[in-house]
Protein chains: 2
Amino acid sequence: MMDFTYYTPTKVVFGRQAEEHAAGLIRELGCKKVLIHYGGQSAKASGLLDRICTNLSQAGLEYVPLGGVVPNPRLSKVREGIRLCQEENVDFILAVGGGSVIDSSKAIGYGVLNDCDVWELYLGKQKPKGCLPVGAVLTIAAAGSEMSESSVITNEDGWLKRGLSHESSRCRFALMNPELTFTLPPYQTACGCVDILMHTMERYFSQGSSSELTDGISEALMRTVIHNARILKSEPQNYNARAEIMWAGSLAHNDLTGCGRGGQGKGRAGDWATHQLEHELSGIFDVAHGAGLSAIWGSWARYVYRENPSRFAQFAVNVMGVPNRFEMPECTALEGIAAMEAFYRELGMPTSIPELGIQLNEKDLDLLAYKCSFQNTRTIGDFKKLGREDMRNIYETASRV
Amino acid sequence: MMDFTYYTPTKVVFGRQAEEHAAGLIRELGCKKVLIHYGGQSAKASGLLDRICTNLSQAGLEYVPLGGVVPNPRLSKVREGIRLCQEENVDFILAVGGGSVIDSSKAIGYGVLNDCDVWELYLGKQKPKGCLPVGAVLTIAAAGSEMSESSVITNEDGWLKRGLSHESSRCRFALMNPELTFTLPPYQTACGCVDILMHTMERYFSQGSSSELTDGISEALMRTVIHNARILKSEPQNYNARAEIMWAGSLAHNDLTGCGRGGQGKGRAGDWATHQLEHELSGIFDVAHGAGLSAIWGSWARYVYRENPSRFAQFAVNVMGVPNRFEMPECTALEGIAAMEAFYRELGMPTSIPELGIQLNEKDLDLLAYKCSFQNTRTIGDFKKLGREDMRNIYETASRV
């Protein structure tokens, strides 16, 4: 087992009416003026925003709303939020939404508390000194941003998508009411399940020594997501299935599934190549993150599995329920990859890039690999280190139907 | 899935030399004067205490040591600690040891920050307003107190053992170096493994709705402890085995294994009858907590399993590897109980009270049940509610070899 630190200070309130704890928890923190940050119309139409506003008002808290966060959240909206917080002396940001809204809220929080331009932080040119306190009312189970230290923002100027991880951005609280996800369309529900599985697999497939306990937790988590995603296909308002997936989403990305695994450094265990390959894709083509991940994962997996076939065989047997062909771990491994792709298709998720409606030509492949390698200055991946050529190969394989 | 809150703010630093982070973390909290609280001679003899003192001194922190905490930690030592902290203006307590030392440190922390007598808090007559910050350098994997909100203290006046759970007592940090447990004798190692398993089983066996994810995590945790406890029998200095068990000990009791399970209220999911039956035993006879638990558990399990045989069958199959006799869940259940007892014996742990060297007569049985029922004023257990007569029956069964 490799050394690790584990720090998850986010207070989780899970269950029906969880959102009603917002005002009380903000007051406990001594904050007074809240930015209510949200995405599109659904939070308004469902009455959720009104209920939160009432909840804050009744507790004597002031607030100012800011909606309009889009998937693959954008720097311009972050800048708008920073200005608003400064003008209004906001001292707490309440994110009402999923990963995009929470990530955007964290970025605003960084912008308010740091003197430099916020994008400098995401480029790694400056280190954050802190982040305005953020809390979340979760309405989409997917990104795990409600318990993670990370956020990802897209700069429209060049469509650069960059992540930033810093302890100070962990949500002070996460209010998780599975009922708030009842009305998510099947496609978004499926995208969320893919994202949750990928957060677990990115850590599961690393070259660091494995941990028996962390492996067991990760495998249980993936089995739970797969089982309950199937239930939601026919029963989108099944409370328990929504709850299992919502809680799995948080545990998949709060670092629990990486404890003791080591990895590529930067403080986070895991491979993360699929995420990084996907970031370029969704940065340029604005596809749903989960769909982008499922379109690439199989091509990545077949490109790298020979580095450690027994790891993929373990995944196949313990997660996908593939019978173990002990004498042929490579066959077991490949069966596991195929089983996961079949599951993705069962959910209506793509397993290739053309299924995203994107036809990549040779130039596109060059550009994606160039951007993903940061102009040929970095490798990605830990399970297998991938250079620019490897990235191009994977994009190319994923481009075939 | 039942509603729950989950709050684990303890910063974990896990791995070799983890203890060297003590001074830095205490300074981050702005504290200046540290009570170094420890147990017997082993922390001194191993040089651990010296290293910690040097670590604090070099960081400009003042400290005052207080040793002598015993298993089933006592109120008189807590009172001594409170006086010392007040005289010396201590603002941080560093527990160097296992559950007894950490529990004692929490009790001292309560005593310093609350005006009432500290025992009033443990009797539930007063509610704690807070607790002096506590951090832990863990040297025994067992109690999970390093991430839990609970502590248990024994009042020598009447040999009353009482627990207190309060958020304010959660350790600010837990420094976990598995090497510090290399020299633990086999008996103590085994006692720790029983305690870890029991913290998981107490939550696993409750009547609240189960959670698929929490079940899977709990089952993985128990399998991990059983597997690695066996390794330690022949390889007490196996780093990975020590590490798996140490991390399992924290996760078993930081509430992760209770999420969504509901339970008997009081904010904590689970049954806890075996713990409460054991508390009376170790309160009076001063046995090792883990040994007391293993001496009672089988008798408890056979007394209650008919309330929900399929739950015990799931445990038998998923944790103990018993073949599922689908048509006879009661048989599967009983096989699982027998398999766990066989494992306890394999570790040299007792599965009856006489094996603890204690011969109970009729009066003893009456007294234990009377005390455990708080003079016949409470029931215990959630899987099956147990009154005074039930308690006596279980003590009696456990008294037969």
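The values are calculated or read from the model by the stated rules, or taken from the named source; none is laboratory data. If you're wondering where the values come from, they're calculated on a predicted model, not measured in any experiment. When we count neighbours, we look across all protein chains shown, and the Cβ atoms used for this are built from the backbone with ideal geometry, even at glycine.
Condition first: touching a residue at least 60 places away in the same chain (Cβ under 8 Å) and in contact with a His (Cβ under 8 Å, 6 or more places away or on another chain). Now tell me which residues in region B:47-72 satisfy that.
Across region B:47-72, the qualifying residues are B:Pro71, B:Asn72.
Only one of these is within 14 Å of another protein chain (Cβ to nearest Cβ), buried (at least 24 other Cβ atoms within 10 Å of the Cβ) and within 19 Å of the chain's Cα centre (by Cα): B:Thr181, B:Thr154. Name it.
It is B:Thr181.
Name, by its number, the condition in (1) over 30 Å from A:Gly283 (Cα atoms); (2) within 14 Å of chain B (Cβ to nearest Cβ); (3) out of contact with any Phe, Trp or Tyr (no Cβ under 7 Å at 6 or more places or on another chain); (4) in contact (Cβ under 8 Å) with a residue 60 or more places away in the chain that does not hold for A:Phe4.
All conditions are met except number (3).
The conditions are (1) within 14 Å of chain B (Cβ to nearest Cβ); (2) on the phi > 0 side of the Ramachandran plot, and A:Leu25 fails exactly one of them. Which is it?
(2)
Among the candidates A:Val64, A:Val78, which residue alone is crowded, with 22+ Cβ neighbours inside 10 Å and modelled with pLDDT of 95 or more? Outline the logic, then answer.
On the way: A:Val64 fails: crowded, with 22+ Cβ neighbours inside 10 Å.
Result: A:Val78 is the single residue among A:Val64, A:Val78 that is crowded, with 22+ Cβ neighbours inside 10 Å and modelled with pLDDT of 95 or more.
Tally up the residues in region B:216-256 that are among the acidic types (Asp, Glu), more than 9 Å from every other protein chain (Cβ to nearest Cβ) and buried (at least 21 other Cβ atoms within 10 Å of the Cβ), please.
Final tally of qualifying residues: 1.
Among A:Thr224, A:Thr274, which is the only one that is free of Cβ contacts under 8 Å to residues at least 60 places away in the same chain and not assigned by TED's automatic domain parsing to the domain that holds A:Glu167?
Exactly one of A:Thr224, A:Thr274 is free of Cβ contacts under 8 Å to residues at least 60 places away in the same chain and not assigned by TED's automatic domain parsing to the domain that holds A:Glu167, namely A:Thr224.
Could you list all residues from region A:339-363 that are assigned to a helix (DSSP H, G or I) and either in contact with a helix residue (DSSP H, G or I) (Cβ under 8 Å, 6 or more places away or on another chain) or at pLDDT below 95 (or both)?
A:Ala339, A:Met340, A:Glu341, A:Phe343, A:Tyr344, A:Glu346, A:Pro354, A:Glu355, A:Leu356
Out of region A:38-61, which residues are at pLDDT below 95 and among the basic types (Lys, Arg)?
Across region A:38-61, the qualifying residue is only A:Lys44.
Under 6 Å between Cβ atoms, which residue pairs at least 6 apart in sequence (or on different chains) link something in region B:343-369 that is under 30 Å from B:Met222 (Cα atoms) with a partner that is of a type in the set (Asp, Glu)?
B:Thr351/B:Glu341; B:Leu368/B:Glu280
When you go through (1) out of contact with any helix residue (DSSP H, G or I) (no Cβ under 7 Å at 6 or more places or on another chain); (2) farther than 19 Å from B:Ser210 by Cβ; (3) within 14 Å of chain B (Cβ to nearest Cβ) one by one for A:Ser206, which number turns out not to apply?
Every condition holds for A:Ser206 apart from (3).
For region A:257-321, give me every one of the helices (runs of 4 or more DSSP H) that falls completely inside it and has 1 or more residues that are at pLDDT below 95, of a type outside the set (A, V, I, L, M, F, W, C) and crowded, with 22+ Cβ neighbours inside 10 Å.
A:273-285, A:289-304
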